[in-house]
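Just below is one structure, and these are the notes that go with it.
The values are calculated or read from the model by the stated rules, or taken from the named source; none is laboratory data. Since this is a predicted model, take the numbers as computed values, not measurements. Here the Cβ positions follow ideal geometry from the backbone for every residue, glycine too, while neighbour counts run over all protein chains shown.
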Amino acid sequence: MTVATPQHLSVKSLLAIEDLSNQDILAILDETARIKQACACNEDLRHTLPNRTLVNLFFENSTRTRLSFEIAARKLGVDVVNFEAPSSSLTKGESLIDTVRTIDAMRPDFLVVRHSSSGAAHIVQSHARAAILNAGDGAHEHPTQSLLDCFTIREAVGAIEGASIAIIGDLLYSRVARSNVFAFTKLGANVTIFGPPALAPGSFRTLGVTVARSLEEALDGANVVYLLRIQRERQADGLAPAPAEYRRLFGIDETRLSFTAPGAILMHPGPVNRDVEIDAHLLNHPCSVIETQVENGVFVRMAVLKLLVEARP
Ligand code: NCD
């Protein structure tokens, strides 16, 4: 009998969707499905990664990503330590690199890094032996968010290949949007973007997406509507319309939703600005999978931790 060789990831850290092959993405989604199924059957997976330690290294605020990594790690039996930037030696002038080298010297297996600078996860990787998981670096990438989004679409819509996906909002400063544009186009979706012209610029065409001329055009026949918050903390004043104006021009309500294809789903990475990018009551609409995205985030992160260990000799 021939036994299939396990498919190892081609990377030893998860820094960016751009670095992943289609096979890598599909291997992570398939492993996620197995883990979700095992969790649904109440299987105890805490023996999966014994004697491993994960350090959450968050230099930027987070609710769901940090907790999701912590819960995912604990479900696999991994010890979790949370680094608190405000009470660390950063406040005494220690640099990011020295902080990373110090923590890495304690031999953690995983460093989960969130930082306001694009490229921070790559810098951390070049100074650490641990596997690095990018939990969002500036406006650059947020790979685990994108993987959980792909998993959720596959589950709810059936396939990413051939799906019409409209991404609406601030694409320029959103690391989620960049990761998703890479993932969705790699997997064969038809991606259309729309937003304030300064924040959804024509230059995105070079990434293989269509830039719509109106909200209606972007939503027309979409199977997935992916909404983004304006990243006000990352941009100079003036680029984004005021919240009321944004809602009028780009906000999704029931009427606008009716342009989409039958069975379309509504997604958002959170945090949501209610009644700005989305009418508050749509959050509980049957088409909203926003809470499912959060739920799937734990399974995707479990899959990534497991596969990264397997990819490392
Ligand atoms: C996103 C982020 O931090 O990039 N949130 C998340 O991790 N789910 C999106 C955002 O802040 O708008």
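Evaluating T144 against the criteria (1) of a type in the set (S, T, Y); (2) within 11 Å of the ligand (Cβ to nearest atom); (3) farther than 17 Å from L54 by Cβ; (4) in contact (Cβ under 8 Å) with a residue 60 or more places away in the chain leaves one unmet condition, (3).
If the requirement is being of a type in the set (A, V, I, L, M), surrounded by 13 or more Cβ atoms within 10 Å (Cβ to Cβ) and out of contact with any helix residue (DSSP H, G or I) (no Cβ under 6 Å at 6 or more places or on another chain), which of these qualifies: L45, L67, L14?
One residue alone meets the criteria, L67.
Of D109, D137, D170, D149, all but one fail to be touching a Ser or Thr at 6+ places or on another chain (Cβ under 7 Å) and within 14 Å of the ligand (Cβ to nearest atom); the exception is D137. Just one of the numbered conditions (1) touching a residue at least 40 places away in the same chain (Cβ under 8 Å); (2) surrounded by fewer than 24 Cβ atoms within 10 Å (Cβ to Cβ) is not true of V176: (2). The residue of region 244-276 that is surrounded by the most Cβ atoms within 10 Å (Cβ to Cβ), among those that are within 21 Å of P197 (Cα to Cα) and small (G, A, S), is G251. When you scan region 65-94, how many residues do you find that are modelled with pLDDT under 90 and more than 16 Å from the ligand (Cβ to nearest atom)? So the answer is 10.
Mind checking which residues of region 118-137 are among the small types (G, A, S) and under 28 Å from G188 (Cβ atoms)? Residues satisfying the conditions are S118, A121, A135, G136. Residues of region 205-239 that are away from the ligand (no atom under 16 Å from the Cβ), modelled with pLDDT of 95 or more and under 23 Å from G138 (Cβ atoms): R205, T206, L207, G208, V209, V211.
Scanning region 48-64 for residues being away from the ligand (no atom under 14 Å from the Cβ) and either in the same structural domain as V176 (by TED's automatic domain parsing) or surrounded by 14 or more Cβ atoms within 10 Å (Cβ to Cβ) (or both) gives a total of 7. Pairing each residue of region 94-108 that is closer than 12 Å to V124 by Cβ with any residue that is at pLDDT below 95 and part of a loop (DSSP other than H, G, I, E, B), provided the two are 6+ apart or on different chains, yields C-beta distances under 7 Å for T99/S88. So A128 ticks every box in (1) surrounded by fewer than 19 Cβ atoms within 10 Å (Cβ to Cβ); (2) part of a loop (DSSP other than H, G, I, E, B); (3) assigned by TED's automatic domain parsing to the domain that holds R52 but one. Which box is left unticked? Here A128 clears every test but (1). The set of residues in region 185-206 that are within 21 Å of I230 (Cα to Cα), without any contact (Cβ under 8 Å) to a residue 40 or more places away in the chain and surrounded by 14 or more Cβ atoms within 10 Å (Cβ to Cβ) comprises V191, T192, I193, A200, P201, F204. Answer yes or no as to whether I35 is out of contact with any Cys (no Cβ under 7 Å at 6 or more places or on another chain), of a type in the set (A, V, I, L, M, F, W, C) and either surrounded by 14 or more Cβ atoms within 10 Å (Cβ to Cβ) or in a helix (DSSP H, G or I) (or both). Answer is yes for this residue.
For region 138-159, name all the residues that are closer than 13 Å to I25 by Cβ and surrounded by 24 or more Cβ atoms within 10 Å (Cβ to Cβ). Those that are closer than 13 Å to I25 by Cβ and surrounded by 24 or more Cβ atoms within 10 Å (Cβ to Cβ): P143, T144, S146, L147, L148, D149, C150, F151, I153.
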